[in-house]
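To start, the structure under review is shown below, and the notes come after it.
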Amino acid sequence: MTAERTGGHALALQLAAHGVTHVFGVPGQQLYHALDGLATVDTIQFVSTRHEQTAGYMADGYARSTGREGVCLVVPGPGLLNAMAALATAYACSSPVLCIVGQIPSEAIGKGRGLLHEVPNQSGLLDSVTKWHALVHSADEIAPLVDEAFRQLRSGRPQPVALEIPPDVLAAAALATLPGLKLDSVLRATPEPGALDAAAALLREAHRPAIYAGGGVHAAGASEELRRLAELLQAPVVMSRSGMGAISLRHPLAASKLAGRRLLPEADVVLAVGSRFRTYSGVGGPSGANGRVIQLDADPAALRSRSEGDVRLLGDARLGLTALLDRLEGMPERPSRSAEVQTARAWADEQLAALEPQISYLRALRRALPDDAIVVSELTQVAYVVRIGFEFVQPRTNLTPGYQGTLGFGFPAALGAKLGNPQRAVVSLSGDGGFGYCLAELATARQYGIAVVAVVFNDSAYGNVQRDLEEMFDGRSLGTKLVNPDFVALAAAFGVRGVRVTGADELAVAVKQAVALDEPVLIEVPVGPMSDPWPLLR
């Protein structure tokens, strides 16, 4: 199909051809023709946010919760700089985000004339937060480069990609063919057969195998294959903080990372799937594992042998697990190890009982929420404990900022997740400090009717930092006290329902009622000092 159109129309049509239904962004001068193109495509909704950081976080939340690509649109220079915290988070968390970035006029790029939104070497900025990006030089390049962007998003390890498009290119006439989706060129690699044979032999011979599941299981949509392999091997599945929900924590072989401290040291072979082993001190291995390690990952940089006996599988988690299942077909049935897993989980519950009031809040939330609810955790005292203490029972229901630890992530990412999953409950867990980064997005929630339940735990401080400083420096802290608005009144000012609750039982009631309302709701929970979770987290 060919038709004369502007570059902006070609961009919108090609996004639609790849199934894009939402674009998150802030309108600006260099994007006018892109916005006009989007306005002519009725299958795409443009969601206008109050900050470019939010646009990026919404694209990330949308992508990770749905498995489809999230798209954001920002002006050059300060627009991109504002969005870069979100892109860095998506990069850390293997999230398929396409960032479309404006540029200054083509003939002025690199000449330092001081044009509106110009920054030196914008392409260099993108190098640090994307796995691929391109500068578009003509309107006829837009459609094929959009195709290439989606090929990159769907190939290897999912990470952000970007297109820079100058305003003159968006305004120019484009006589372009709309290519197909190029699904045949999407690179989802199966690991090398010899390595798969070696891994299968190790697993077949193992007496006490275990599986360590990371966020790559979600990225590859490999939960079902993971469950089948675990049951075949009778291998406990220990989930990292990003891997939580890879299989249901109600499954008799499933364990949190905390419970894994009792399980992994006893394993003679550990199959690690989609994890780069990010720890608080850097890169290590599956926590506590002493046996041989089989590592399956789509990112070659993540494959690091600890010994000659380890096996490295470079490839897609779902395809790799499927290939292992094929090689292990016909194995004799193994004795159940569910009692062993239950003992480890009971031990973990004993440790968690000391983390009050956090664990009571989390258990109240679990009671109040349906099984398929999406929980978006920011950096706050209650949400830290989510990593080891919340019962996730479905894939793609656990969103975190990963090792980037970006404050301001929670509420915007939840907005994107809700737009991608309109029939599911979505709850964000923030502290007053983190929520303050993005509280203007209450207007976005109201404008587009995005029914996120925003829970704000308010201690009038950057509480974790305050506790750390006081412990390190004889009770001294600096810059940690906060003066907050009345959050319930603030919500009302934006036309959003707000409620203040005290204690876990009231929180459970308020969350259940808020989900039933199917409208944006803010729940403020005043809190005081909390138990220090870091001895358990580390």
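What follows draws every value from the coordinates through simple rules; no lab data is involved. Values in this document were obtained by computation on a predicted structure and should not be read as measured data. FYI the Cβ positions are ideal-geometry reconstructions off the backbone, even for glycines, and counts take in every protein chain you see.
List the extent of the Cα atoms of region 301-438 along each of their three principal axes, largest first, rounded to whole Å.
Largest first, region 301-438 extends 53, 35, 35 Å along its Cα principal axes.
Once fully extended, how much extra length lies between LEU482 and GLU231, figured as 0.36 nm per residue of separation less the alpha-carbon to alpha-carbon distance?
85.4 nm
Remind me, what semi-axes does region 353-537 give for its equivalent ellipsoid, largest first in whole Å, using sqrt of 5 times each Cα gyration tensor eigenvalue?
For region 353-537, the semi-axes come out at 25, 19, 15 Å.
List the residues, sorted by chain then number, that are 5 or more residues from PHE457 or on another chain and whose placed amide H is less than 5 Å from its amide H.
Here SER430, GLY431, ASP432, VAL525 satisfy the definition.
Counting only residues 5 or more places away or on other chains, whose amide H sits under 5 Å from the amide H of ILE374 once H atoms are built in the peptide plane?
HN-HN under 5 Å from ILE374: ALA425, VAL426, VAL427.
With +1 on each Lys and Arg Cβ and -1 on each Asp and Glu Cβ, how big is the dipole of the chain about its Cα centre, in debye rounded to the nearest 20?
Around 800 debye, computed over the chain.
Arrange the following residues from fewest to most other Cβ atoms within 10 Å of their Cβ: CYS72, CYS438.
So the ranking, lowest neighbour count to highest, is CYS438, CYS72.
Could you please rank HIS133, HIS18, HIS251, placing first whichever residue has the fewest other Cβ atoms within 10 Å of its Cβ?
Ordered by Cβ neighbours within 10 Å, fewest first: HIS251, HIS18, HIS133.
Which of LEU419, HIS207, PRO370 sits farthest toward the positive end of the charge dipole of the chain, with +1 on the Cβ of Lys and Arg and -1 on the Cβ of Asp and Glu?
Ranked along the dipole, the leading option is HIS207.
Count the net charge of all other residues whose Cβ sits under 14 Å from the Cβ of ASP168, scoring Lys and Arg as +1 and Asp and Glu as -1.
Counting the neighbours of ASP168, the net charge comes to -4.
Can you sort ARG334, ARG500 from fewest to most other Cβ atoms within 10 Å of each residue's own Cβ?
ARG334, ARG500
Write down Rg/Rh for region 2-185, rounded to two decimals, with Rg from the C-alpha atoms and Rh from the Kirkwood relation over Cα pairs.
Reported Rg/Rh (Cα atoms, Kirkwood Rh): 0.93.
Let me check I've understood the local charge: for ASP371, count other residues with C-beta under 13 angstrom from its C-beta, Lys and Arg +1, Asp and Glu -1. What total comes out?
+3
Could you please report the charge total around LEU517, scoring K, R as +1 and D, E as -1 over all other residues with beta-carbon less than 15 angstrom from its beta-carbon?
Combined, the nearby Lys, Arg, Asp and Glu give +3.
Which one, THR21, PHE392, VAL169, projects farthest toward the positive side of the charge dipole computed for the chain from Cβ point charges (K/R +1, D/E -1)?
Result: PHE392, furthest along the dipole toward the positive end.
Can you show me the helix-derived [θ] at 222 nm for the chain, built from DSSP H runs with n ≥ 4 at -39,500 (n - 2.57) apiece and divided by the number of residues, rounded to the nearest 500.
-11500 deg cm²/dmol
Reachable aspartates and glutamates from LYS512, Cα under 18 Å, same-chain residues fewer than 8 places away excluded?
Cross-link targets: ASP371, ASP372, GLU391, GLU524.
Nearest 5 percent is fine: what portion of the DSSP beta bridges confined to the chain is antiparallel?
Around 10 percent of the beta bridges assigned by DSSP in the chain are antiparallel ones.
Ordered by packing density, taken as the mean number of other Cβ atoms within 10 Å over each peptide's residues, highest first, how do 395-407, 91-103 rank?
Top to bottom by mean Cβ count within 10 Å: 91-103, 395-407.
Please pull out the direction-averaged projected area of the chain, using the convex hull of its alpha-carbon atoms, in nm² to one decimal place.
The directionally averaged projection comes out at 25.8 nm².
What's the extension gain from ALA171 to ASP42 if we count 0.36 nm per residue and subtract their Cα-Cα distance?
44.4 nm
Which of rounded, prolate or oblate describes region 446-535 when judged by the alpha-carbon gyration tensor and an a/c cut-off of 1.5?
Here region 446-535 falls in the prolate category.
Among DSSP beta bridges whose residues both lie in region 2-185, state the antiparallel percentage, nearest 5.
So the antiparallel bridges in region 2-185 amount to around 20 percent.
For ARG497, enumerate residues with amide H under 5 Å from its amide H, sequence gap 5+ or separate chain, H modeled in the peptide plane.
The answer is LEU522.
Starting from 0.36 nm per residue, how many nanometres of slack lie between GLN342 and ASP468 once their C-alpha separation is accounted for?
Length gained, GLN342 through ASP468: 42.0 nm.
Once a ≥ b ≥ c are taken as the square roots of the eigenvalues of the Cα gyration tensor of region 376-454, is the result rounded (a/c under 1.5), prolate (a/b larger than b/c) or oblate (a/b not larger than b/c)?
Oblate, since a/c reaches 1.5 and b/c is not below a/b.
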